[in-house]
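Each remark here refers to the structure printed beneath this line.
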Amino acid sequence: QAHAKVWHLYNDHFRPTQRGKVSIALSSHWIKPQNMTEKNIKECQKSLDFVLGWFAKPIFIDGEYPESMRSNLSSLLPEFSEVEKKYIKGTADFFALSFGATLSFQLLDSHMKFQQLESISLRQLLYWISSEYNNPKIFIVENSWFVSGSTKRDDAKYIYYLKKFIMETLKAIRYDGVNVFGYTVWSLLDGFEWHRGYSIRRGLFYVDFQSHDKKLMPKSSVLFYQKLIEKNGFPPLPENQPTEGVFPCGFAWGVVDNYIQVDTTPSQFLDPNVYVWDVHQTKQLIKVNGVFTSKRKRHCVDFAAIRFQISLLQEMHVTHFHFSLKWSLILPLGNLSLINHTLVHYYQCFVSELLRVNITPVVALWQPMAENQELPVSLAKYGAWENPETVQAFVEYAKLCFTNLGDHVKFWITMNEPSVKNLTYTAGHNLLKAHAKAWHLYDKEFRRSQKGKISIALQADWVEPACPFSKNDQEVADRILEFDIGWLAEPIFGNGDYPRMMRGWLHQRNSVDLYNFHLPYFSEEEKKLIQGSFDFFALSHYTTTLVGWEKEDALKYDHYLEVQMINDITWLHSPGRAAVVPWGLRKLLKWVKSKYGDVPVYIMANGIDDDQNMVYDKLRVYYIQNYINEALKAYTLDNVNLQGYFVYSFNDKTAPKYGLYSYVANQYEPKPSMKRYREIIDKNGFPRPETPDVLCPEEIVSCPECHFFRTRKSLLAFIAFIFVAFIVTIFLISYYSKRVERRYK
């Protein structure tokens with residue numbers, strides 16, 4: 001009633017001359033149902049009625065309290081007379097909304113939630129207000145969230161809250177037709193936050209409460225908000241617009257399967273037993289004891305599973321297929337005393353069949369998995385990569401693989417995605433030496449005859465400073481890149497030793513902490529062995545992470561590296577909470593080029609999880625298309641020497657939720673993402689509509705069976721000479737025999 005009287009006062013006596021507006025600012029939360037049932041939806045409506053509708057409905061609708069309040073509170077709720085209803089109704093020139101500034105998870109009475117879930121979705125609240133109150137003009141007069149009281153001036157988390165709220169406001173205007181005409185951030189400066197005291201902050205300006213003069217200092221959020229106001233929102237950035245163009249001829253289009261499905265079940269044709277068909281009684285085959293047929297060698301056609309897997313790959317139109325061998329199964333004892341020849345033969349058949357259909361096999365010798373890191377049990381038991389003996393065991397294993405598969409495999413990966421999160425410095429040290437020795441083994445003993453290439457594949461997710469204006473955050477991002485990628489990359493692709501930044505940081509930490517993390521040293525001989533042990537730079541990339549130096553969330557803070565992991569809540573996320581950030585791939589590729597030069601680069605794995613129950617995997621379609629487009633920008637605009645791109649993963653059976661093929665009830669079905677990837681492969685990128693089709697010359701596929709002849713050219717020349725001499729001799733004998741016969745006649 002007081003509000004209504006003031007509104008009428010202004011309307012009758014001041015509006016004609018002052019031409020202003022008057023309203024009431026109402027604070028609200030947003031609530032969503034625990035389950036999408038009619039009862040829960042009604043409870044959500046009741047929650048908003050009891051908090052926002054209490055004041056909004058009398059003013060914006062009919063001068064009366066919400067029905068849910070009147071039926072639940074009965075005599076506790078006063079009643080308006082008909083005169084009062086008319087007097088209150090319409091006493092607002094706009095809807096002034098406060099969201100997040102006063103009502104929050106802690107301040108809202110739990111009874112007002114009615115057992116439903118509170119959310120910070122401003123867009124949904126705006127849409128609800130628009131629908132509930134006849135699409136009023138809305139002015140957001142207070143909006144923010146809070147961050148820890150320990151956060152100083154690089155308030156990245158506050159920035160992303162602010163970004164989320166303003167983005168949601170923009171979406172409500174553009175997509176939902178909500179009439180929002182103003183936005184106000186709360187608050188200008190840090191202050192005393194009622195029952196929370198000084199334990200939280202929500203100001204754009206930092207205040208040191210312990211100082212005498214309480215000087216105001218701008219935070220990073222001020223710069224963010226200032227630039228946002230200058231741009232009047234989020235205009236599309238030129239660098240984020242999709243580009244058009246194609247990749248070079250011979251570009252490797254591939255797909256990844258961690259491990260191929262191995263089925264070495266003997267074919268019926270390998271069974272030496274003789275059977276009689278009992279056609280009269282049991283109708284079954286009965287083995288005849290003591291009678292056997294002659295045994296024959298295994299042939300590739302005996303492995304029925306191979307042809308089916310390859311038919312799916314052919315359907316995708318990929319040119320390359322990347323998978324890892326199982327060291328633990330090939331050499332169960334970790335040495336050459338016991339070799340699983342059946343499995344080796346299966347791999348030989350698989351890669352030869354790939355070549356037969358013009359698909360290049362890309363084979364990794366080792367990929368760490370959860371159980372024993374996919375090492376033979378004997379090696380895992382005695383220290384795994386901590387044990388120097390594992391280095392030599394790996395070299396022996398690599399030699400076995402090169403010998404048996406090298407005629408068919410021309411594209412080798414020594415180690416695929418060694419996880420730096422699970423490696424000790426000693427293990428990483430030995431792993432690098434094992435890679436280098438395997439590379440030199442191939443280079444000296446196999447490259448000349450097999451003519452292949454070999455390198456290591458590193459996982460390389462991009463790391464971005466959380467505050468783009470913060471020098472400290474940039475330093476943290478640089479540090480994490482060196483620890484995550486440079487640790488294993490710098491010795492191979494750089495100077496033969498670990499990154500200087502990494503050594504410097506560890507030295508500093510070891511001098512102030514109780515624990516000691518020792519980063520081993522390479523001898524000069526080892527540096528020469530490791531440096532340059534590559535033919536290309538292979539990387540796996542999945543997502544981008546934000547990092548900052550301000551400690552905000554203890555659960556996501558790494559004390560050892562002094563880094564705070566931060567989430568941009570406006571980013572698109574997968575069901576597994578992986579952020580979809582296509583531009584991170586381009587930044588990573590530029591970083592690799594700037595750091596390691598014009599090295600040939602292959603993106604060996606790039607993929608995202610999606611809801612396995614959804615028929616249309618639209619998130620993966622979006623992911624693949626946009627990540628490949630960013631890779632194209634790196635190639636065409638940044639001159640990155642990009643040679644290939646592989647999608648992760650082949651199917652849901654071996655990589656649930658990541659596959660381009662679904663797997664249900666022993667059936668494989670192509671997903672829309674597979675079809676979209678195939679379209680991109682067929683066009684070799686994203687050609688401009690007016691661009692004529694570029695026909696790439698057919699690549700000559702080498703015959704793996706021809707290796708025997710290629711390596712014995714001298715012998716072949718001698719045999720050819722003998723054969724020609726034999727033919728000539730037969731001809732001469734025949735010729736002179738006929739002459740002699742004619743002479744006697």
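The values are calculated or read from the model by the stated rules, or taken from the named source; none is laboratory data. Quick caveat: nothing in here was measured; it's all calculated off a predicted structure. FYI the Cβ positions are ideal-geometry reconstructions off the backbone, even for glycines, and counts take in every protein chain you see. Surface accessibility is based on the protein's heavy atoms, side chains included, excluding ligands, DNA and RNA. Shrake-Rupley method; radii C 1.70, N 1.55, O 1.52, S 1.80 Å.
Below, the figures for the structure above:
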| item | result |
| --- | --- |
| Residue that is least open to solvent (accessible area, probe 1.4 Å), among those in segment 298-327 that are touching a helix residue (DSSP H, G or I) at 6+ places or on another chain (Cβ under 7 Å) and over 30 Å from residue 644 (Cβ atoms) | 302 |
| Residue in segment 445-459 that is farthest from the chain's Cα centre (by Cα), counting only those that are in a strand (DSSP E or B) and not β-branched (Val, Ile, Thr) | 453 |
| Segment 406-433: number of residues that are open to solvent by less than 10 Å² (accessible area, probe 1.4 Å) and within 14 Å of residue 364 (Cα to Cα) | 9 |
| Qualifying residue in segment 77-92 (condition: out of contact with any strand residue (DSSP E or B) (no Cβ under 6 Å at 6 or more places or on another chain), within 27 Å of residue 171 (Cα to Cα) and either surrounded by fewer than 16 Cβ atoms within 10 Å (Cβ to Cβ) or of a type in the set (Lys, Arg) (or both)) | no |
| Qualifying residue in segment 469-484 (condition: at pLDDT below 95 and crowded, with 21+ Cβ neighbours inside 10 Å) | yes |
| Residue pairs meeting the criteria (Cβ under 7 Å; at least 6 apart or on separate chains; first over 15 Å from residue 437 (Cα atoms), in segment 380-395; second β-branched (Val, Ile, Thr)) | 384/390; 386/424; 386/426 |
| Selection within segment 663-692 - under 17 Å from residue 243 (Cβ atoms) and of a type in the set (A, V, I, L, M) | 680 |
| Any hit, segment 536-544, residues being hydroxyl-bearing (Ser, Thr, Tyr), open to solvent by 30 Å² or more (accessible area, probe 1.4 Å) and closer than 19 Å to residue 416 by Cα | yes |
| Test: residue in segment 275-297 that is among the basic types (Lys, Arg) and open to solvent by less than 70 Å² (accessible area, probe 1.4 Å) | no |
| Filter result for residue 254 (open to solvent by less than 20 Å² (accessible area, probe 1.4 Å) and either at pLDDT 95 or above or not assigned by the TED database to the domain that holds residue 137 (or both)) | yes |
| Looking only at segment 688-738, and only at residues there that are part of a helix (DSSP H, G or I) and basic (Lys, Arg), the one that is modelled with the lowest pLDDT | 710 |
| Residue match in segment 672-689 (condition: in contact with a strand residue (DSSP E or B) (Cβ under 6 Å, 6 or more places away or on another chain) and open to solvent by 20 Å² or more (accessible area, probe 1.4 Å)) | yes |
| Hits in segment 348-367 - residues which are open to solvent by 10 Å² or more (accessible area, probe 1.4 Å) and either over 30 Å from residue 302 (Cα atoms) or part of a helix (DSSP H, G or I) (or both) | 348, 352, 353, 355, 356 |
| Test: residue 145 is open to solvent by less than 70 Å² (accessible area, probe 1.4 Å), of a type in the set (Phe, Trp, Tyr) and closer than 14 Å to residue 176 by Cα | no |
| Test: residue in segment 607-614 that is out of contact with any Phe, Trp or Tyr (no Cβ under 6 Å at 6 or more places or on another chain), crowded, with 19+ Cβ neighbours inside 10 Å and of a type outside the set (Val, Ile, Thr) | yes |
| Residue ID - surrounded by the fewest Cβ atoms within 10 Å (Cβ to Cβ), chosen from residues in segment 198-250 that are under 22 Å from residue 169 (Cα atoms) and among the charged types (D, E, K, R) | 230 |
| Residue that is nearest to residue 611 (Cα to Cα) [pool: residues in segment 554-579 that are charged (D, E, K, R) and in contact (Cβ under 8 Å) with a residue 12 or more places away in the chain] | 568 |
| Cross-chain or 6+ apart pairs with Cβ under 6 Å, segment 446-466 first and within 25 Å of residue 484 (Cβ to Cβ), then open to solvent by less than 30 Å² (accessible area, probe 1.4 Å) and polar (S, T, N, Q) | 456/414; 457/416; 459/540; 461/543; 462/544; 464/544 |
| Residue among 325, 313 that is out of contact with any Gly (no Cβ under 6 Å at 6 or more places or on another chain), of a type outside the set (Phe, Trp, Tyr) and within 29 Å of residue 372 (Cα to Cα) | 325 |
| Entirely in segment 1-76, the helices (runs of 4 or more DSSP H) that have 1 or more residues that are of a type in the set (Lys, Arg) and open to solvent by 90 Å² or more (accessible area, probe 1.4 Å) | 2-9, 38-48, 67-73 |
| Count of segment 125-152 residues which are in contact with a helix residue (DSSP H, G or I) (Cβ under 6 Å, 6 or more places away or on another chain), within 30 Å of residue 564 (Cα to Cα) and hydrophobic (A, V, I, L, M, F, W, C) | 2 |
| Members of segment 556-570 that are in contact with a strand residue (DSSP E or B) (Cβ under 8 Å, 6 or more places away or on another chain) and of a type in the set (Val, Ile, Thr) | 563, 566 |
| Qualifying positions in segment 1-31 - of a type in the set (A, V, I, L, M) and either modelled with pLDDT of 95 or more or more than 57 Å from the chain's Cα centre (by Cα) (or both) | 2, 4, 6, 9, 22, 24, 25, 26 |
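This table checks each residue for (1) assigned to a loop (DSSP other than H, G, I, E, B); (2) assigned by the TED database to the domain that holds residue 337; (3) not polar (S, T, N, Q).
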position	(1), (2), (3)
378	no, yes, no
399	no, yes, yes
402	no, yes, yes
409	yes, yes, yes
413	no, yes, yes
426	no, yes, no
433	no, yes, yes
436	no, yes, yes
439	no, yes, yes
